[in-house]
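I have placed the structure first, in the form of structure tokens, so that the comments after it can refer back to it.
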Amino acid sequence: MDITVNGTAYTLDLPDDTPLLWALRDGLGITGVKYGCGIAQCGACTVHIDGEAVRSCQVALADTWGEVTTIEGLGTPDALHVVQQAWIAHQVAQCGYCQSGQIMQAVDLLNTNPEPTDEEIDQAMSGNVCRCATYPRIRAAIHDAAIMMREA
Amino acid sequence: MSRLGKYTRRGFLIASVAVAGGVVFGVRTYRANLENPLTAAISPGEAALTPYVKITADGITIITPRAEMGQGIHTTLAALVAEELDVDLADITVDHGPPSSAYFNGGVVEEGYPFPATDQSALAEFARAQRDIPAVFLAYQITGGSTSTHDAYEKMRQAGAVARETLKAVAAKRTGLAIARLETQSGAVVLPDGTRLPYTDLAADAAEVELADTPRLRPKSAWRILGQSQDRVDVVAKSTGTAIYASDIRLPGMRFGVIRRSPYLRGAIRSFDPSEALAMQGVDAVLDIGTAVVAIAETTWAAMQALDAVIYDWEPPAYPLDTEGHFEVIAAAFTPDHQDSRQRNDGDVEEALSGADVIAAEYRVPYLAHATMEPMSAAALFQDGSLRIWTGCQGPTVARREAALAAGIAQEAVTLTTTLLGGGFGRRGEMDFVQNVAKVAVQMEGTPVLLSYSREDDTSRGPYRPAAIGRFRAAVKDGVPVAVDVSTASPSILTGISERGGSPAPTPGFLPDFTIGQALWDQPYGIENYRVTAYKADPLLPVGFWRSVGASQNTFFHECMMDELAVAAARDPIDMRRDLITDDASRKVLDAVADMADWGTAPAQGRARGVAFALVFGAPTAQIIEVEDTPQGIKVAHVWVAADVGVALDPRNLDAQLISGVNFGLSAAIGEKITLSEGMVAQSNYHDYPPLRMYQAPPVTTRILENAPHIRGIGEPGTPGAAPALANAVFALTGQRIRTLPLGDSIAFA
Ligand code: FES
Ligand code: FES
């Protein structure tokens, strides 16, 4: 199975129906993407396919229709994405386990809606669970990232 | 050679020891001969040192021996050292350190003493001063009970101060200058002419130096780092997917295991048929580890699929098959022979209640899951007789012992690396995942294995926060309660954990379990006739620590009761509490929260407020919740919370933890419950065990006070008050007194 992740092409020898989540984590060792529920209820596994946020636990490896971007491909500690910068400025993370998914979802939101209201943020982000309840800071970080992206 | 010297301060001393290319500073207690994790190899037989700061030519490492599960403790502990050492947090590395009984946590033990946190009597102070002794002997290295900050407050600052003065002494020796002429700044000793001698260059000689005196700690007024909000040391890693949790450990040739425990909790497995599973692509093995079945495969997914194909024959459960049956057992515990403790018995309650107009009620709370974002996980490799384990756990010393027992090897053959924790909330103080990964690793000798729990297994197999029942009988007179008889019953956490191998020392069932009556008997209310009794129900489902432990149910019982009494007395619920509260810091948090919420002004049309107060883990905490009636149901419109932590080390992190704690409590209060049907837990994943989501998360305004006499952590105190404040607000809005959690079972929430 051929797949492109974060700009690199890989060939994977895994069953077709292996969820993309596990192909990434166990097949390729790309572990920024997380397992939280496996049933599209938590958003921890969120990645982008062709720039669009998807739950990687729900996409079969064989159905992966485009280029995959994970949190590692979004930005790195030395070259942060704007949304990651906002996340750090607001010190959002607590245990941090949900945050890859939160950030990937937030980037998707801001790509389609550069100036979201609180309600729109709630709507876009409510599929992403944060058991540490960092929600207020996620909201604030998204508003700030929106400003930074518009000004960029 | 180690120099275990003179720097004694309130029962501990700071010492230094040479390591390759540098020096380690740490705490040694003189009361027990503890094992020494970093220096054992260097100086066998020498007394132990708990390493806190390591300085070599490569850099400065601050060793923070507490589990980082999101509460920011690594940052706070590092800041304590940095404040005295004069280093910038950005320039240091933080390491979890190896498991060691030298990393005892005196704070956890203190919670068990029979003195309320407000009791400053000589006896209570004496017990607190002695707290390190049992802790050391019990080999606690536990993160829990919001105790980490409290425990480390002096030790880590002192380690930083001794390190700083030692490095200055080295610089003085090298330059021939008097110590008094040397300054320290940003990781270097600064000479009068401005020349900087980096600590990393001085470290190699530091172990040779012995200080004459214990350096004095800097006064609060001179702090530059403490008291200020710090960037979390883990925030970049956690925003870039580069933070490593146990489930992210990858080793060459690693295989992936998934566990299936019995759906009849605490039950054994009679037999299972793995033949179909073994024929599946990518499946290596299906292991019997005694209490569970583990499939090993090329991916976690393949192992999950394999488990679904196994045919199981489980031992039937030894407890009632439905939820009602469990509550019957708990209700049956309100008898003298089940009495666990009666830690408060002021006046004569029976006498005062006889002939009075008695108000009585019963409250119930369900079992709760922790539902940490990262399901339980651990990686391990057993090779050449030794076992390596990587896991995120709240008690690494106990974990090492349990891993050794499970693997049938000596503790010395076990190496445990603590990773970040994807949430803890008490769940990662359990040892099941450590015991299980050890058994798997032994059976898979030579192959590194990552063991994962599926969300389904994690949710439906426990351990849980105990289900519990609270009862009260009370009478009011002239606007205040004059007699209160309150009691609580639940199965014992400590007995259960002890049976499961999770506690440092056995807690047999006949010993009292202080968690049952926690935060019920020690509330700072002065009521003439006031009796608090805790009853221990017979064991049911496995139960364990859950964020704020016994307070998570008892504050609900107590503070809803106070609301009922205020209604009966026709009093404002804050005024009535203020009249009863005997502790100044507690009264001030109530005043603060009333001020924040503008309590004196009535809420807008269609809105109402409820209040709750609790003294939890030594931190008086008060919250007001405002609810709004909407067409979709009740909406939590705003939460105000004030807490007193004694000394506020990192305001932004305290704010984050309080908000997190409040929302954790709200989540449970609105919708969480574990129920049983036909002996099995009915909930399995986030669709039927619903965590609070963003659209439900209210704005939370926090205020931190510093009037209490001891420094306290804040990971838990936000949680217990959320349910009663919400229930009291719902009553104020609707007139409906809901006495069973979750509230969402009785009324719709938006
Ligand atoms: S793991 Fe995919 S949504 Fe939870
Ligand atoms: S930060 Fe812990 S789950 Fe979101």
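Counting C-alpha atoms alone, how compact is the stretch A:32-109: give Rg to one decimal and Dmax as a whole number, in angstrom.
Spelled out, the Cα radius of gyration and Dmax of the stretch A:32-109 are 12.2, 38 Å.
If I model the stretch A:82-151 as equal point scatterers sitting on the Cα atoms and use the Debye formula, what is log10 I(q)/I(0) at q = 0.13, 0.21, 0.29 Å⁻¹?
Log-scaled intensity ratios, in q order: -0.29, -0.78, -1.57.
Can you send over the carbon and sulfur percentage of the accessible area for the protein assembly as shown, probe radius 1.4 Å, protein chains only?
C and S atoms contribute 49 percent here.
What does the charge count near A:Thr46 come to, summing +1 for each Lys or Arg and -1 for each Asp or Glu among other residues with Cβ under 12 Å from its Cβ?
Within the 12 Å Cβ shell, the charges total 0.
About the Cα centre of the protein assembly as shown, what is the dipole size in debye to 20, counting +1 per Lys and Arg Cβ and -1 per Asp and Glu Cβ, all else neutral?
That gives a dipole near 2080 debye.
Could you compute Rg(Cα) / (2.2 N^0.38 Å) for the protein assembly as shown, with N its residue count?
Cα-based Rg divided by the globular estimate yields 0.94.
Name the shape class, rounded, prolate or oblate, that the alpha-carbon gyration tensor gives for the stretch B:667-726, where a ≥ b ≥ c are the square roots of its eigenvalues, rounded holds for a/c under 1.5, and otherwise prolate holds if a/b is larger than b/c and oblate otherwise.
Prolate, because a/c is 1.5 or more and a/b exceeds b/c.
For chains B and A, what's the summed buried accessible area, probe 1.4 Å, to the nearest 100 square angstrom?
Buried: approximately 4600 Å² between A and B.
Rounded to the nearest 20 debye, what is the charge dipole size of chain B about its Cα centre when +1 sits on each Lys and Arg Cβ and -1 on each Asp and Glu Cβ?
Charge dipole, chain B, about its Cα centre: 1420 debye, nearest 20.
What's the Cα-based Rg to Rh of chain B, Rh via Kirkwood?
Answer for chain B: 0.98.
If I ignore ligands, DNA and RNA and count only protein heavy atoms, how much of B:Asp575 is accessible to a 1.4 Å probe, in Å² to the nearest 10?
Here the residue's solvent-accessible area equals roughly 80 Å².
At a probe size of 1.4 Å, how large is the accessible area of B:His338, to the nearest 10 Å²?
40
Tell me, how many Å apart are the Cα centres for the stretch B:428-454 and for the stretch B:697-713?
39
In the stretch B:234-280, which residues become less accessible by 30 Å² or more once every protein chain is in place, relative to the chain on its own, using a 1.4 Å probe?
Buried by 30 Å² or more upon assembly, which counts only protein chains, are B:Val235, B:Val236, B:Lys238, B:Ser239, B:Thr240, B:Gly241, B:Tyr245, B:Asp248, B:Arg250.
Can you give me the distance in nm between label points at B:Ala318 and B:His338, each placed 7 Å from the Cα along the Cα-to-Cβ direction?
1.8
Given a 1.4 Å probe, how much area per residue of chain B is accessible, in Å²?
Result: 33 Å² per residue.
Quick check: from the Cα gyration tensor, does the stretch A:2-73 come out rounded (a/c under 1.5), prolate or oblate?
rounded
Apply the Debye scattering formula to the stretch B:378-418, with a single equal point scatterer on each alpha-carbon and no solvent, then give log10 I(q)/I(0) at q = 0.22, 0.33, 0.35 Å⁻¹.
Per q value, in the given order, log10 I(q)/I(0) is -0.59, -1.28, -1.38.
Tell me the accessible surface of B:Leu381 in square angstrom (1.4 angstrom probe, heavy atoms of protein chains only), to the nearest ten.
40
Among the DSSP beta bridges whose two residues both lie in the protein assembly as shown, what percent are antiparallel, rounded to the nearest 5?
Counting DSSP beta bridges with both partners in the protein assembly as shown, the antiparallel share is about 75 percent.
Going by accessible area, probe 1.4 Å, with all protein chains left in place, what is the ranking of B:Thr242, B:Thr555, largest first?
Sorted descending by solvent-accessible area, the residues read B:Thr242, B:Thr555.
Can you list the residues in the stretch B:689-705 whose accessible area drops by at least 50 Å² when all protein chains are present, compared with the chain alone? Use a 1.4 Å probe, heavy atoms only.
B:Arg693, B:Met694
Sorted by average packing, counted as other Cβ atoms within 10 angstrom per residue and highest first, what order do A:73-79, B:368-374, B:660-666 take?
By packing density, highest mean first, the sequence is B:660-666, B:368-374, A:73-79.
Please list A:Thr69, B:Thr621 from largest to smallest accessible area, probe radius 1.4 Å, with all protein chains kept in place.
Sorted by accessible area, descending: A:Thr69, B:Thr621.
Ordering B:Asp213, B:Asp432, B:Asp288 from largest to smallest accessible area (1.4 angstrom probe), what's the sequence?
B:Asp213, B:Asp288, B:Asp432
For chain B, what is the percent of antiparallel DSSP beta bridges, rounded to the nearest 5?
Beta bridges within chain B, antiparallel portion: roughly 75 percent.
Find out how many positive minus negative residues lie around A:Lys34, taking Lys and Arg as positive, Asp and Glu as negative, among other residues whose Cβ is under 9 Å from that of A:Lys34.
-1
5 Å is the cut-off here: which amide hydrogens, built 1.01 Å from N in the peptide plane, fall below it relative to B:Gly713, excluding neighbours closer than 5 in sequence?
B:Thr149, B:His150
What is the projected area of the convex hull of the Cα atoms of chain A, averaged over all directions, in nm²?
8.4
Let's see if you can work this out: charge +1 on each Lys and Arg Cβ, -1 on each Asp and Glu Cβ, no other charges. What is the dipole magnitude of the stretch A:2-73 about its Cα centre, in debye to the nearest 20?
340
With unit charges on the beta carbons (Lys and Arg positive, Asp and Glu negative) and the dipole taken about the Cα centre of the stretch B:343-499, which residue among B:Met444, B:Ala468, B:Gly392 sits farthest to the positive side?
Among B:Met444, B:Ala468, B:Gly392, the one farthest towards the positive end of the dipole of the stretch B:343-499 is B:Met444.
The values are calculated or read from the model by the stated rules, or taken from the named source; none is laboratory data. Predicted, not measured: the structure shown is a model, and the values here were computed from it. Heads up, the Cβs are rebuilt from the backbone with ideal geometry, glycines too, and the neighbour counts pull from every protein chain shown. Surface areas here come from the heavy atoms of the whole protein model, side chains and all, with no ligands, DNA or RNA. Shrake-Rupley method; radii C 1.70, N 1.55, O 1.52, S 1.80 Å.
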